[in-house]
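A short worksheet on the structure shown next.
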Amino acid sequence: MIEVKNLRKIYRMGNEKIVALNNVNLTVDKGEICCLFGTSGSGKSTLLNMLAGLEKPTKGNIIIKKKNIETLSEVQLAIFRQKYIGFVFQSYNLLPALTALENVALPLIFQGVAQAEREKRARKILKEVGLSKRLHHKPTEMSGGQQQRVSIARAFVNNPTILFADEPTGNLDTATTLEIMDMITGIAKAHNQTMIIVSHDDEIAHYAHKVITMRDGNIENIKV
Ligand code: ADP
Ligand code: MG
């Protein structure tokens, strides 16, 4: 499903070169749930952003569904993301002026799905994440855990092949973290979706088929 070969990412800041990813090699199979550990600054977010086509590598290859995504143009990448990728951020990234229902339905607008169908699908996935009673609430009218559930629903609404989550429970308490992890991995498993989750929480390893640990821009070890 995902193959990463000799991936390297260097950021330039003035005269300084920052090696965010040194030389990363990785394969992830279909339906696999991977959790990505590593100290702050080890390159986890950089790797995830690159896998999701949000940033371009300096060197190396990323092959997803037999496509070398590092060769795609911005427009091709946008289409690729709409079709195959879901992304959950630590900070939810919901649009504050929109209700839960509107936030979740939004990605479907870009796919040309008709209004009635958009609403039907958004309602269905919001029900799956337990938010049937919060459809018309705006982000500020919901708790952090509820906002993250909306953002999970938004990530899943177009039935992505691959879901990336970058510290999705980083701003949440322990009880909510467990709920959210159960939910996100439960949905991914039910649909045989592939998933990579960045986390600091050891508990999360229980949910994973593969535990990947990063250090200084490299993969230090992979436990299956
Ligand atoms: P993690 O998610 O594991 O905490 P990151 O992938 O965010 O780590 O960052 C890896 C390294 O790259 C860090 O040293 C960070 O400071 C640097 N970095 C990340 N993004 C940028 C950027 N846009 N510009 C410059 N340096 C960056
Ligand atoms: Mg990060």
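Can you find a residue in the range 43-58 that is touching a Pro at 6+ places or on another chain (Cβ under 6 Å) and within 16 Å of ligand 2 (Cβ to nearest atom)? Write out each step before concluding.
Step one: of the range 43-58, the residues touching a Pro at 6+ places or on another chain (Cβ under 6 Å) are 50.
If we keep only those that are within 16 Å of ligand 2 (Cβ to nearest atom) too, we end up with 50.
Yes, the range 43-58 contains at least one residue that is touching a Pro at 6+ places or on another chain (Cβ under 6 Å) and within 16 Å of ligand 2 (Cβ to nearest atom).
What are the residues in the range 1-20 that are surrounded by fewer than 17 Cβ atoms within 10 Å (Cβ to Cβ) and of a type in the set (Val, Ile, Thr), if any?
Selection gives ILE10, ILE18, VAL19.
Could you list, in sequence order, all residues of the range 16-42 that are away from ligand 2 (no atom under 16 Å from the Cβ) and assigned to a loop (DSSP other than H, G, I, E, B)?
Selection gives ASP29, LYS30, GLY31, GLU32.
Taking the condition within 16 Å of ligand 1 (Cβ to nearest atom) and under 27 Å from ALA205 (Cα atoms), does LEU126 pass?
It is false that LEU126 is within 16 Å of ligand 1 (Cβ to nearest atom) and under 27 Å from ALA205 (Cα atoms).
Among the residues of the range 65-86, are any over 23 Å from SER151 (Cβ atoms) and within 16 Å of ligand 2 (Cβ to nearest atom)?
The answer is no; no qualifying residue exists.
If I ask for residues that are open to solvent by 50 Å² or more (accessible area, probe 1.4 Å) and either aromatic (Phe, Trp, Tyr) or under 27 Å from THR185 (Cβ atoms) (or both), which ones from the range 85-116 would you list?
Answer for the range 85-116, where residues must be open to solvent by 50 Å² or more (accessible area, probe 1.4 Å) and either aromatic (Phe, Trp, Tyr) or under 27 Å from THR185 (Cβ atoms) (or both): PHE89, GLN90, SER91, ASN93, LEU95, GLU102, PHE110, GLN111.
What strands (runs of 3 or more DSSP E), lying completely within the range 142-224, carry at least 1 residues that are within 16 Å of ligand 1 (Cβ to nearest atom), over 12 Å from the mean Cα position of the chain (by Cα) and more than 24 Å from SER132 (Cα to Cα)?
Where strands (runs of 3 or more DSSP E) fall fully within the range 142-224 and carry at least 1 residues being within 16 Å of ligand 1 (Cβ to nearest atom), over 12 Å from the mean Cα position of the chain (by Cα) and more than 24 Å from SER132 (Cα to Cα), they are 210-215, 218-223.
The values are calculated or read from the model by the stated rules, or taken from the named source; none is laboratory data. Small disclaimer: the values here were computed from a predicted structure and weren't measured. Cβ sites come from the backbone with ideal geometry, for glycine too, and all protein chains shown count toward neighbours. To get the accessible areas, we keep the full protein, side chains included, count just its heavy atoms, and leave off ligands, DNA and RNA. Shrake-Rupley method; radii C 1.70, N 1.55, O 1.52, S 1.80 Å.
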